Amino acid sequence: MTSDYFASEDLTQDTFLAAYSHLKDFDGKYEKAWLCRIATNKCLDYLQSAGRRMVPTEDVDADEASAYEHTPEDALLEEEVRQTLLDRCRALKPPYDEIAKAYYYDEMDAAEIAAKRGMKLKTVQTQIYRARSMLRKMYGKEKGA
């Protein structure tokens, strides 16, 4: 729901903390639906928060601008996530490996990939869709392990 890996991790932890703190109010029925509802509410609260929508403008002071700079830790985490993505893209079978790398890692759009590879746009879009499904399964297996 958030399209942000790290925010999703934080919201998952918040969900389980909220569920644990309200365990005395739970009647024992429909535990999966109860937990899903808490998670959904946490995600909706996150998406509606004012801090999420705040975008710095060019009129920002130098002191405020430094608050938006990436720290070395952020850069390291981003590089680690990008390297994992590249490894996962390369692990796919052809032609999905090259399509996934171009789309997700190199951040090319489907039209650019189609033009570069001399393919039809619809074919590239289908391969992106299938590569996405394969990557989701790969990431899902990691989380389940």
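General observations
- Extension gain, residue 6-residue 33: 0.36 nm per intervening residue step, less the Cα-Cα distance, totals 7.3 nm.
- For the peptides 105-112, 22-29, the ranking by packing is 105-112, 22-29, with the highest mean count of neighbouring Cβ atoms within 10 Å listed first.
- Summing +1 for each Lys or Arg and -1 for each Asp or Glu among the other residues whose beta-carbon sits under 10 angstrom from that of residue 11 gives -4.
- Bridgeable lysines around residue 122 (alpha carbons under 24 Å apart, same-chain partners fewer than 8 residues away excluded): 93, 101, 137.
- Summarising the overall dimensions of the range 1-53 from its C-alpha atoms, the Rg and Dmax are 12.0, 37 angstrom.
Readers should treat all values here as calculations from the given coordinates under stated rules, not as data from a laboratory. Source: prediction; values computed, not measured. When we count neighbours, we look across all protein chains shown, and the Cβ atoms used for this are built from the backbone with ideal geometry, even at glycine.
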